[in-house]
């Protein structure tokens, strides 16, 4: 359904427009600063919430509400090159693992959790409330824009996103526990090999091959539904079983 994709894109573009307000609620740095004092911050709560949601929705939040995803889909109008994943996809885990270990150690050194402050380090609840904040904001934008222009579609999601590992791990745990979860369901008998699904995939996945092998599981899939809505024979569908 084309209407679903229009709604999806409106959502990710909309969250990008309010990114200056909410950016610090997705800050890995603020989590570290809070851990030093034993405080659970707003960003800590948001990361935890995304992990819990991923148990039932996988990485769908990346496809439907991520502000950085909205920026990257805008950048596709400038560079629609397919991003080569492979070993580059592992970079985000090399960044994520020591960061998580550091947070645990800092909480231990602080004597455990001493409090919760959702607005920790965020003046008046708005991220860009101080002039210096704009340097951080535009630095983050460059961190997203440069990989997209050099490596292609959603390169930040593939290589650098510090939230993606939480959702990937949550999705893996969901599979292990056999929880009902949103996923893609293929029907290779209806596939005509037009490769439209692969062409439309913003994560540059070989979706047609996934349909032919009847294995739609891929940790880089953001469940955006572009393949579902672009297939002329409806060989791919959403399922929650």
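The values are calculated or read from the model by the stated rules, or taken from the named source; none is laboratory data. Note that the coordinates shown come from a computational prediction; the quantities given were computed from them, not determined experimentally. As a convention, Cβ positions derive from the backbone with ideal geometry for all residues, glycine included, and neighbour counts pool all protein chains shown.
Points to keep in mind about this one:
- Scoring residue 82 on the criteria (1) under 17 Å from the mean Cα position of the chain (by Cα); (2) crowded, with 16+ Cβ neighbours inside 10 Å leaves a single failure, condition (1).
- The lone criterion from (1) in the same structural domain as residue 49 (by TED's automatic domain parsing); (2) over 21 Å from the mean Cα position of the chain (by Cα) left unmet by residue 213 is number (1).
- Residue selected from segment 178-203 under the condition surrounded by fewer than 20 Cβ atoms within 10 Å (Cβ to Cβ) and closer than 21 Å to residue 80 by Cβ, by the criterion farthest from the chain's Cα centre (by Cα): 194
- Residues that are surrounded by fewer than 18 Cβ atoms within 10 Å (Cβ to Cβ), at pLDDT below 95 and assigned to a helix (DSSP H, G or I), drawn from segment 31-79: 74
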